[in-house]
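The values are calculated or read from the model by the stated rules, or taken from the named source; none is laboratory data. These figures come from a predicted structure and were not determined experimentally. Every residue, glycine among them, receives a Cβ derived from its backbone with ideal geometry; neighbour counts consider all protein chains shown. Heavy atoms of the whole protein, side chains included, go into the accessibility calculation; ligands, DNA and RNA do not. Shrake-Rupley method; radii C 1.70, N 1.55, O 1.52, S 1.80 Å.
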Amino acid sequence: MTDEQRYVFDLKGYLLIPDVLNTEEVAALKTQIQTIREDPESLPPHERGMPGGASSMLIDHPVVMDILSEILGEVRMESSWFT
């Protein structure tokens, strides 16, 4: 985490990190979310919710985890959702 990121996080309570996900990753996530909303039965059960399927890459994304670990120490995923 850079000094600038620490400052922004302290000031705003969140960070925007450009280009964390590439175009293909974003497309896969959008497709998964759209399918969950419109036709969940077409997906295997483990891909019908977060963090299954394409969204599983978000569980331990290195850029995000490095920042979360620095801010929070131990990181656990208790639940997740999409909006």
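Worth a mention:
- Taken over the stretch 1-49, the criterion of being surrounded by 10 or more Cβ atoms within 10 Å (Cβ to Cβ), within 24 Å of Glu70 (Cα to Cα) and aliphatic (A, V, I, L, M) is satisfied by Met1, Val8, Leu15, Ile17, Val20, Leu21.
- Of all residues making up the stretch 1-50, the number that are touching a residue at least 12 places away in the same chain (Cβ under 8 Å), of a type in the set (D, E, K, R) and in a helix (DSSP H, G or I): 2
- Residues that are open to solvent by 40 Å² or more (accessible area, probe 1.4 Å) and not in a loop (DSSP other than H, G, I, E, B), drawn from the stretch 51-70: Ser56, Met57, Leu58, Pro62, Val63, Val64, Met65, Asp66, Leu68, Ser69, Glu70
- Residue in the stretch 45-59 that is touching an Asp or Glu at 6+ places or on another chain (Cβ under 7 Å) and either under 24 Å from Glu74 (Cα atoms) or among the polar types (S, T, N, Q) (or both) present: yes
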